[in-house]
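Written out below as structure tokens is the structure these notes cover.
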Amino acid sequence: MSDILAQYRIPAEPYYRPVADEVTLFEAAYAAKMPLMLKGPTGCGKTRFVEHMAWWLGKPLVTVACNEDMTASDLVGRFLLDASGTRWQDGPLAFAARHGAICYLDEVVEARQDTTVVIHPLTDKRRALPLEKKGEFLRAHPDFHLVISYNPGYQSLMKDLKQSTKQRFGALDFHYPAHAVESEIVADEAKIDVATADKLVAIAERSRNLKGHGLDEGLSTRMLIHAGELIARGVAPLAACRVALVRPITDDPDMRDALDAAVATFF
């Protein structure tokens with residue numbers, strides 16, 4: 001019999017460097033069936049952490065990239081018409097709840113609030129999902145776990161979670177790692193030497209000091225890995241940083257010049 005969850009299983013251990021007690025806390029939350037909310041800047045490792053924990057716990061992972069056009073039916077499911085007539089197809093949330101997977105709603109604040117409220121019955125003692133169109137009250141599998149993430153730096157009155165949603169979750173704060181730890185991560189992921197990774201992290205730290213002073217966000221760990229991968233392939237460091245770090249993050253000529261100067265300081 002084929003494994004319906006096979007494509008959602010993590011085949012090999014994803015590299016993740018713990019920075020505090022987040023692994024222990026996630027394990028405890030999973031055991032307690034407590035939904036979790038991961039908060040932190042873009043590219044700081046939230047998604048990689050969820051992938052690592054799914055592998056660590058041996059559970060399949062269903063990931064949903066939330067967006068403003070996503071409807072409740074996109075999450076829950078809908079009837080489809082095919083050659084045999086109509087058939088019901090579970091959405092990713094219902095699929096994970098039915099079969100016992102970890103469901104990860106990435107950047108959940110990008111979804112409309114009238115969409116995210118469908119998760120409420122799954123995040124309290126009911127642990128159920130009413131499929132009203134199908135006439136089914138779906139009780140979640142014991143292994144089901146719900147995880148959401150968002151970037152508090154992008155919060156606004158129009159894009160934030162309702163308190164009625166937030167208070168259903170435990171929360172873990174994520175930040176960019178300490179310098180030495182981030183250098184270790186970049187070196188391992190990009191397959192470059194630690195000295196080069198150290199320079200990339202130093203550039204990122206300068207950019208993060210400019211958040212709110214010309215930049216909406218500083219350079220993320222993900223961007224440093226991209227730059228490191230280019231360097232590992234023989235691209236000159238200045239060019240790699242220009243392509244992977246400076247040009248993606250801003251279109252302002254003065255800010256680009258400032259960041260280019262910071263890169264030149266280290267390379």
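Read-outs: derived from the displayed coordinates by stated rules, not from any lab. What you see is a predicted model; the values in this text were computed from it and never measured. Here the Cβ positions follow ideal geometry from the backbone for every residue, glycine too, while neighbour counts run over all protein chains shown.
Laid out as a table, the results:
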item: Computed over the chain, Cα set: Rg, Dmax in Å; result: 20.8, 66
item: In nm, spacing of pseudo-spin labels at Gln89 and Arg247 (7 Å Cα→C-beta vector); result: 3.8 nm
item: The stretch 162-195-the stretch 59-125 distance, computed between alpha-carbon centres (Å); result: 26 Å
item: Size of charge dipole - the stretch 34-111 - debye, nearest 20, with Cβ of Lys, Arg +1 and Asp, Glu -1, no other charges; result: 360 debye
item: Separation in nanometres of the label points that stand 7 Å from Cα toward Cβ, at Met34 and Tyr15; result: 3.1 nm
item: Placed amide H near Ile148: partners under 5 Å, 5+ positions off or other chain; result: Leu36, Met37, Leu38, Leu105
item: Cβ charges +1 (Lys, Arg) and -1 (Asp, Glu), total dipole of the stretch 6-173, debye; result: 460 debye
item: Stretchable slack from Phe79 to Ala202, in nm (0.36 nm times residue separation minus alpha-carbon distance); result: 39.0 nm
item: Amide H contacts of Ala101 (H built 1.01 Å from N, under 5 Å, at least 5 apart or other chain); result: His145
item: For the stretch 97-172: span of alpha carbons on each principal axis (Å, largest first); result: 37, 26, 18
item: Paramagnetic reach from Lys133 (point 7 Å along Cα→Cβ, amide N under 12 Å) across the stretch 68-101; result: 71-81, 87-92
item: Degrees between helix 253-266 axis and first principal axis of the chain (Cα, 0 to 90, nearest 10); result: 70 degrees
item: Net +/- balance of residues flanking Ala240 in space, Cβ distance below 10 Å, scoring K and R +1, D and E -1; result: +1
item: Under-5 Å amide H pairs with Leu138, H placed in peptide plane, nonlocal only; result: Leu129, Leu131
item: For the stretch 1-58, with +1 on Lys and Arg beta carbons and -1 on Asp and Glu, the positive-most of Ala12, His52, Thr42 along the dipole; result: Thr42
item: FRET efficiency, Phe266 to Asp124 (Cβ-Cβ, R0 45 Å, nearest 0.05); result: 0.35
item: Rg(Cα)/(2.2 N^0.38 Å) for the stretch 47-201, N = residue count; result: 1.25
item: Largest-first ellipsoid semi-axes for the stretch 137-267, taking √(5λ) over the Cα gyration tensor eigenvalues, angstrom; result: 34, 20, 12
item: Largest-first ellipsoid semi-axes for the stretch 2-127, taking √(5λ) over the Cα gyration tensor eigenvalues, angstrom; result: 27, 18, 14
